[in-house]
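Structure, as structure tokens:
Throughout, read-outs are computed from the coordinates displayed, never taken from laboratory work. Given the structure is predicted, the values throughout are model-derived calculations rather than measurements. Every residue, glycine as well, gets a Cβ built from its backbone with ideal geometry; the counts of neighbours run over all protein chains shown.
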Amino acid sequence: MVFRTLLLALGVWEALKPRQMVDFWMGIAAKGDQDVELRSWVYTLARLEGVVIVAWTLSRSLRRRSRDPVEVVEA
């Protein structure tokens, strides 16, 4: 459950702020003070990846919730 929540937060961040996400990871991946030039479509794909991650985590949560039996409490 914690993993899914973290993955959901990561997906939302990537969908809303793809440039920050890509620049963060490229800063880690680049060697030293090396400047890396990315193509413009990289940010679009990062946004799409974020949307897919969010959709996947939400669908898994909804599917799991529908499988769990609902307990009815009578007053």
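If r is the Cβ-Cβ distance from Met26 to Arg64 and R0 is 35 Å, what FRET efficiency results, to the nearest 0.05?
0.55
Using only alpha carbon pairs under 8 Å that are at least six residues apart, calculate the relative contact order of the chain and give it in whole percent.
46
What residue among Ala55, Ala15, Ala30 shows peak mean-square fluctuation when the chain is described by a Gaussian network model with Cα springs under 10 Å?
So, out of Ala55, Ala15, Ala30, the one fluctuating most is Ala30.
Stretch Glu74-Met1 to full length: gain in nm at 0.36 nm per residue minus the Cα-Cα span?
23.4 nm
Need the full-extension length gain, Leu45 to Leu16, defined as separation in residues times 0.36 nm minus the C-alpha distance. One decimal, nm.
Length difference between fully extended and current span is 9.2 nm.
Which three numbers, in whole Å and largest first, are the semi-axes of the equivalent ellipsoid of the chain derived from its Cα gyration tensor as √(5λ)?
Result for the chain: semi-axes of 38, 12, 8 Å.
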